[in-house]
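The values are calculated or read from the model by the stated rules, or taken from the named source; none is laboratory data. Predicted model only: the values in this text are computed from it and were never measured. Note: ideal-geometry Cβ built from the backbone for every residue, glycine included; neighbour counts use all protein chains shown. Ligands, DNA and RNA are excluded from the accessible area calculation, which covers all protein heavy atoms including side chains. Shrake-Rupley method; radii C 1.70, N 1.55, O 1.52, S 1.80 Å.
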Amino acid sequence: MVAPVAIRHRLTIRSIDPDPRAAAIVAGAEHLGLDLDEDVAVADIVFIEGELEPDELNQLHAVLVDPLLQQGSWDTPPRDGVEVTLHAGVTDSGAEAVRHAAEQLSLTIDSAATGRRIEFPEKTDPVLAEEVIARLVANPIIEHWATGTIEPTPIADGIEAKSTEVIEIRGLDDAALQLINEDRALYLDPEELRIIRDHYDELGRDITDVEIETLAQTWSEHCSHKTFRAIVDATGGPEGGERVVEPLFEQLRCCTESIDAPFVISAFVGNAGVIEFTKGTTIALKAETHNHPSAVEPFGGANTGVGGVIRDVLGIAHRPIAVTDILCFGPAELPLADLPAGSLHPQRIREGVIDGVADYGNKIGLPTVAGAVLYDPAYTTNPLVFAGCIGTAPTRPLHDGPNRGDRVVVLGGATGRDGIRGATFSSATMDATTGEVAGASVQIGDPIVEKLLIDALVGAEDLFSAITDCGAGGLSSAVGEMAEGVGADIDLELVPRKYPGLDAWEVWLSEAQERMVVAVPPRSLGALELRCHRVGVDIADIGSFTGDGRLIVRNSGTVVADIDTKFLHDGRPQRRMPAEMPEPIRHERTSRSVADPAATVLTLLGHPNIASKAAIIRRYDHEILGATVVRPLVGAAADGPADGVVLADPGAAEGIAIGIGVNPWFGLHDPEAMAYAVVDEAMRNVVAVGADPDRVALLDNFSWGDPRRPSTMGELVATVEGCCAAARMYAAPFVSGKDSLNNEYVGADGKRHAVPPTLVITAIAHVPDADRCVTPDLASSGNVLLLLGHTETEFAGSHLDLLQGEPPTPGVAPAPDPDAASCYRLLHSAIQAGLVESCHDLSEGGLAIALAEMCIGGRLGADIDVLPHDDLVTALFSESSGRLVVEVAPRSVPAFMKVMDDRALRIGEVSENQQLRLPEVEPLDIADLADAFNNGGGLA
Amino acid sequence: MSQVPAIVIAGPGTNRDRDVQRALELAGAAVRVVLANELVERPALLDEARLAVVAGGFSYADSLGAGRMLALDLVVGLGDGLRRFVEAGRPVIGICNGFQVLTRTRLLPGALGHNAQGRFDCRWVVLDPVPNSVSIWTKGIADPVHCPIAHGEGRYVHPDPESLAAAGQVALRYRSTNPNGSVADIAGVCDQTGVVLGLMPHPENNIVARQHPRAARGGGGEQHLGLRLFENGIRHAKEL
């Protein structure tokens, strides 16, 4: 008898109605200036290997093809096309579905894979087809393609894992150490390499590959934040002279301690900050960046960024309830000729990133509610993706394990060769070849697996003594951190694998997504296994926490690493870094001239940074869980921008407000002032919507260039000092943060291009009465409009300058307003007293834009007869901090002024006519304002 | 019977189960959320219920077509269990992914394809109950129902929408905005008996007036709540 031979089948599935993906390819090509005929077709391909009878193929066909929607064929397509399929080992949820279907139908198949097929019009130039595929359709980081038909690459079977290598490190000089450093892409400092060498010298043995990789991950900038923990020698700055600066991380931590807010439960330890929400409920909050991965594989990078930050919240035993995203891109209209070598086009990055965020948030079932999108040429090669998550939990003591004897338990997805060395990759500077070398660092997420992890872990808090997520550095980082002090002994052989052939260090370092590590007392293991089994989560007991302080890693019993956790966590030398402090302009105020203020209002409204983000917001499910009380879009036509968003369970009295502050353009002029301004913006976002300014917690996220350049380090120092001063001023403590440094690109000319100083502040605040939230849409005509705060001539970094170009003497960036904190408290009292009909903070574009947005929101006009400054351009377009416009019913004005201690300027009234009328400015029709706002930004 | 026993069926990736549980509870049901594989192991859970919901989400990540794998699980695992449930007159509602599942199990006619505009879309819509519909879920509801959609594969496809409407099987239509290119603006359809309803929008996300995006501007209100559908289903189950 002949042994059965695996037979390859391929099912090509086409949509009966036009496939929207084909139209997207044609539109995308047109956007890039590539001349492609419209006759493009897209089909899906399912590859199945196995001996299947015709009736068995029919059964699969019936499941995989819906006759009302699709046509499927097992024949090779007649028309020429380009076929795309994922590299072996990249998450392929379609293949998973095929295997599941076969199992349900009791069919035996050997393997499954999926792909896509793009068919171009006849006589399309192959060079053009290739360009369309490379620019728009596929990404060589995760996929490969071929003209004609393609076969999925099977995962190489039978590859023997290499045995662990011993690296002779003892006695090596700096040059030899550097060779190892580069060979293994460790990104360690010379001093760190020497300390490792000396440590092993003392031990009297050489280092294993698993050990050196573990140290490199743990000591990476990404995991250990060496810059933020460095002592800084600062020179220059407004005060001049030399001074020694405390580590930035310590400054932020001490700032929080000194504020001593009663609602802070945990700050700057563990995966996320924790604050009290109501009696009996706590909130966990965290924001992360995923910049480098998003640059090379936008979908996967953003996708796993969202997945990672959700795990951070799960990793402090809270149920995730909402996601935020702040995205920075290059200009979408960038001509292809101006695109730096090796970079993806900003349009492609934007599409991929938004899809990646949407895919993860929508599928895991969390509302993506708050965010911002910024455009600047400096983000072309280094897009930034900040993702945040908040969660809630019944109040309980934080887990204080692991304890000696607890089991080391890994939950979730299997481990593959994905995401190896992501932590160290984040230290790399991008250049034209980054995409090629970094491929292994990028993955596609599987939100369903993470959803199941949430289902398994929420409610199981009594079954474990410690929990953390597997993020950068994989198990090496997760187990390594948990083992600090207590020690652990684990066997990599017990870690579930996606496929054979993985080296020990690869299993240890893999950043395969959707995994959590928990420390489980042996008596609770059975109960946790039952929970996991119920929801379909894989669980593996890989070892124990020992109590001897050593991190021992085995591979099938053989010890491949034995590291003192004290050396692992405290052995890294503290960095000492020089900083040249910025010397911002602080006294010279210069105004601007604007030829046609009305036209400028319309142009500003259409500026991509200000224009409506509806096209993005609507791709995110912001309604799931039914708790979104104030949405990102509000008003009569649901197209006005909100300040903060508010979440409150149906029926709950209290709510959670989320506000975001970010303004890198201020940072280019005055980093310290920027820090004040963005903390202030985040504060105003939440206060404007009805949150209590005395119940605000902050997250800090820094994305900067290379801090080894003293001027960059100086910017960071100035920014952190500004953050701390602002936090103290508002008594709003930082509870968690993250820095992403080295966001730089080396161009073909050898010049370095860094991102502008990008500080993102997220404010999470308590809303005492979720039924009394206030939004920016004007409520009714006849109401009085009042301005809070001071208006000064502060144009450096303004959007007016982005529009008109910056003059040679830009003057000052917006300065801190010392009266702001007390003003917000009074405003909150007024909101609580029901005196405020609508309220909007002033940000990009100043007063004119804030008023225009309020008019759009309410589809009502405004007659403004008093301006807050003698200089018209200052009054309309300056971006001074600390300001809000408030709408108050006429009968409530006296009460409002009393509550506000008369600190409000009456500037005009809401009017029935559909116009925004500003002194000395042509009246603006609300319809035109709405049109400019809704059709700007270049995103349909 | 004070509270109607209701079952919410979830698969791996179902994610609006908690939302619909809350809606059912508010409407007066005692709710049990059950995973499809649990239900296959213990089919009695279905027998104990008087009303069933297939909840929204992304079962099996929507891979290779929304709802297909969960539908397969239910058909293979329960055999004609769901059909018998329906034949006993017990109301069933499939929302979003649940609608997609029910069309694949053939409990509901038609199919749901990718949105015509090619993208996932989340926005509030207004649904007009169709007066001649045989659906027990929309019976007696005269006011439009307001609720959000959140889907990428919600374009309702049917070869003969006129006959479907004539048979009273079109239960809900999108008013003014057809967000996904559904044929004849169809947002919800029922089976011939009227006990099974499938719809893409999420009535479970408009159960209290505060959830309406224009609540502060006088929008929405009690008469437009999605809750009304669940109240109808529960009333019907109670009378069985």
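Under the definition of Cα pairs under 8 Å and six or more residues apart, what whole-number percent is the relative contact order of chain B? Before the final figure, lay out each step's value.
Details: 560 pairs, mean separation 50.0, N = 240.
After rounding, I find 21 percent.
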Under a 5 Å amide H to amide H cut-off, with H placed in plane at 1.01 Å, what residues pair with B:Leu51 once short-range neighbours are removed? B:Ile7
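Using the crude model of +1 on Lys and Arg Cβ and -1 on Asp and Glu Cβ, and no other charge, please compute the dipole size for the stretch A:8-147 relative to its Cα centre, in debye to 20.
Working: 10 positive and 27 negative charges, 42 e Å.
Once rounded to the nearest 20, the dipole reads 200 debye.
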Computed accessible area, B:Asp80, all protein chains, 1.4 angstrom probe, square angstrom: 80 Å²
Positive end of the dipole of the stretch B:101-213, charges at C-beta (+1 Lys, Arg; -1 Asp, Glu), about the Cα centre: which of B:Ala171, B:Pro203, B:Val145 has its Cα farthest in that direction? B:Pro203
For the protein assembly as shown, the charge dipole (Cβ of Lys, Arg +1; Cβ of Asp, Glu -1; about the Cα centre) points to a positive end, and the Cα of B:Gly79, A:Ile7, A:Gly413 closest to that extreme belongs to B:Gly79
Please give the helix A:447-457 orientation as an angle from the longest Cα principal axis of chain A, in degrees from 0 to 90, rounded to the nearest 10. 90 degrees
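Rounded to two decimals, what is the ratio between the C-alpha radius of gyration of the stretch A:8-147 and 2.2 N^0.38 Å?
Numbers: Rg = 15.9 Å, N = 140, 2.2 N^0.38 = 14.4 Å.
Ratio of Cα Rg to 2.2 N^0.38 Å: 1.11.
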Relative to the Cα centre, what is the charge dipole magnitude of the protein assembly as shown, using +1 at the beta carbon of each Lys and Arg, -1 at the beta carbon of each Asp and Glu, and rounding to the nearest 20 debye? 3400 debye
20 Å cut-off, amide nitrogen to a point 7 angstrom out along A:Ala27 Cα→Cβ, residues in the stretch A:119-135: A:119-121, A:132-135
Counting other C-beta atoms within 10 Å, and keeping those with at most 13, which DSSP coil GluC sites (Glu not before Pro) do you find in the stretch A:122-193? A:Glu122, A:Glu160, A:Glu168
Given the whole protein assembly as supplied and a 1.4 Å probe, what does the accessible area of A:Val137 come to in Å², nearest 10? 20 Å²
Just need the Rg to Rh number for the protein assembly as shown, please, alpha carbons only, Kirkwood Rh. 0.96
What is the spin-label model distance, in nm, from A:Asp400 to B:Ala44 if the labels are put 7 Å beyond Cα along the C-beta direction? 4.5 nm
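Any idea what the relative contact order of chain A is, in percent, if you count C-alpha pairs under 8 Å spaced at least 6 apart? Can you show the working numbers first?
Details: 2337 pairs, mean separation 111.9, N = 940.
Relative contact order here is 12 percent.
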Would you mind classifying the stretch A:559-662 by shape? Square roots of the alpha carbon gyration tensor eigenvalues, ordered a ≥ b ≥ c; an a/c under 1.5 is rounded, otherwise it is prolate if a/b is larger than b/c and oblate if not. oblate
Kindly provide the helix-only [θ] at 222 nm of the protein assembly as shown, computed as the sum of -39,500 (n - 2.57) over DSSP H runs of four or more divided by all residues, to the nearest 500 deg cm²/dmol? -9000 deg cm²/dmol
In the stretch A:775-903, with Lys and Arg counted as +1 and Asp and Glu as -1 at Cβ, which of these residues, A:Pro890, A:Phe795, A:Ile864, has the Cα nearest the positive end of the dipole, that is, farthest along it? A:Pro890
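Under a 1.4 Å probe, what is the accessible area of the stretch A:775-940 per residue, stated in Å²? Before the final figure, lay out the partial values.
Working: 5630 Å² over 166 residues.
Averaged over the residues of the stretch A:775-940, the accessible area is 34 Å².
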If contacts are Cα pairs under 8 angstrom and at least 6 residues apart, what is the relative contact order of the stretch A:8-147 in percent? 35 percent
Rounded to whole Hz, the Karplus (6.51, -1.76, 1.60) HN-Hα couplings of the stretch A:589-603, x for glycine and proline: 8, 10, 8, 10, 10, 10, 5, 9, x, 5, 4, 5, 4, 5, 5
In order over the stretch A:187-196: 3J(HN,Hα) from phi, Karplus 6.51/-1.76/1.60, θ = phi - 60°, whole Hz, x for each Gly or Pro, gives 6, 8, 6, x, 5, 5, 4, 5, 5, 5
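For the stretch A:834-932, which GluC sites (Glu not before Pro) are both in a DSSP coil and crowded by at most 13 other Cβ atoms within 10 Å?
Numbers: sites: A:Glu837, A:Glu844, A:Glu853, A:Glu879, A:Glu887, A:Glu909, A:Glu912, A:Glu920; in loops: A:Glu837, A:Glu844, A:Glu879, A:Glu912, A:Glu920.
Here the GluC sites (Glu not before Pro) that fit, given the DSSP loop and packing criteria, are A:Glu912, A:Glu920.
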Can you tell me the FRET efficiency between B:Lys238 and B:Ser176 if r is taken as the Cβ-Cβ distance and R0 is 56 Å, rounded to the nearest 0.05? 0.95
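For the full complex of protein chains and a 1.4 angstrom probe, list A:Ser163, A:Ser343 by accessible area with the highest value first.
Values: A:Ser163 95, A:Ser343 15 Å².
Sorted descending by solvent-accessible area, the residues read A:Ser163, A:Ser343.
Taking every residue in A:823-831, how many Cβ atoms of other protein chains lie within 10 Å of its Cβ, on average? List each step's numbers first, then the result.
Details: counts 0, 0, 0, 0, 0, 0, 0, 0, 0.
Going residue by residue through A:823-831 and averaging, the value is 0.
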At a 1.4 Å probe, what is the % contribution of carbon and sulfur to the accessible area of the stretch B:4-238? 49 percent
Please determine, in degrees from 0 to 90 and to the nearest 10, the orientation of helix A:710-730 with respect to the longest principal axis defined by the Cα atoms of chain A, where the helix direction is its Cα long axis. 60 degrees
Across the stretch A:892-909, in residue order, what do the Karplus-derived ³J(HN,Hα) couplings come to in whole Hz, using 6.51 cos²θ - 1.76 cosθ + 1.60 with θ = phi - 60° and x for Gly and Pro? 8, 4, x, 4, 4, 5, 5, 4, 7, 6, 6, 8, 8, 10, 6, 10, x, 9
Just to be sure I follow: if Rg is taken over the C-alpha atoms of the stretch A:775-940 and Rh is the Kirkwood radius over the same atoms, what is Rg/Rh? 0.97
Report the extension gain between A:Val244 and A:Ala595 in nm, rounded to one decimal, defined as 0.36 nm multiplied by the number of residues separating them, less their alpha carbon distance. 121.5 nm
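What's the FRET efficiency of B:Asn37 with A:Lys751 using the Cβ-Cβ distance as r and R₀ = 60 Å, to the nearest 0.05? Intermediate values should be presented prior to the final figure.
Details: r = 58 Å, r/R0 = 0.96.
After rounding to 0.05, the efficiency reads 0.55.
My understanding is that a pair violates if its Cα-Cα distance is over 26 Å; which of A:Lys226/A:Lys613; A:Lys286/A:Lys613; A:Lys226/A:Lys498; A:Lys451/A:Lys498; A:Lys162/A:Lys498; A:Lys279/A:Lys363 do that in this structure? Walk me through the numbers before you get to the answer.
Numbers: A:Lys226/A:Lys613 36 Å; A:Lys286/A:Lys613 23 Å; A:Lys226/A:Lys498 34 Å; A:Lys451/A:Lys498 20 Å; A:Lys162/A:Lys498 17 Å; A:Lys279/A:Lys363 31 Å.
Beyond 26 Å: A:Lys226/A:Lys613; A:Lys226/A:Lys498; A:Lys279/A:Lys363.
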Could you pull out every residue, at least 5 positions away or on a different chain, whose amide H is within less than 5 Å of the one on A:Ile207? Hs are placed 1.01 Å off N in the peptide plane, and Pro or chain starts have none. A:Ile167, A:Ile169, A:Arg170
Would you calculate the separation in nanometres between label points at B:Ala167 and A:Arg534, each defined as 7 Å from the Cα along the Cα-to-beta-carbon direction? 4.0 nm
Treating each Cα of chain B as an identical point scatterer and ignoring solvent, apply the Debye formula and state log10 I(q)/I(0) at q = 0.11, 0.14, 0.18 Å⁻¹. -0.48, -0.81, -1.44
R0 = 25 Å: FRET efficiency of A:Ser781 with B:Asp143, Cβ-based, nearest 0.05? 0.30
Separation of the stretch A:331-386 and the stretch A:119-153 by C-alpha centroid, Å? 22 Å
Distance in nm between label sites at A:Ser258 and A:Ala833, each 7 Å beyond Cα in the beta-carbon direction? 3.4 nm
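At 0.36 nm per residue, and after removing the present C-alpha to C-alpha distance, how many nm does the segment from A:Arg205 to A:Ala175 gain when stretched out fully?
Between A:Arg205 and A:Ala175, full extension yields 8.8 nm more.
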Please determine, in degrees from 0 to 90 and to the nearest 10, the orientation of helix A:346-364 with respect to the longest principal axis defined by the Cα atoms of chain A, where the helix direction is its Cα long axis. 80 degrees
Find the sum over both chains of the accessible area lost when A and B are paired, probe 1.4 Å, and report it in Å² to the nearest 100. 4600 Å²
Could you report the stretch A:166-224's accessible area per residue, 1.4 Å probe, as an integer in Å²? 42 Å²
A:Glu792 long-range amide H proximity, modeled H, under 5 Å: A:Ser880
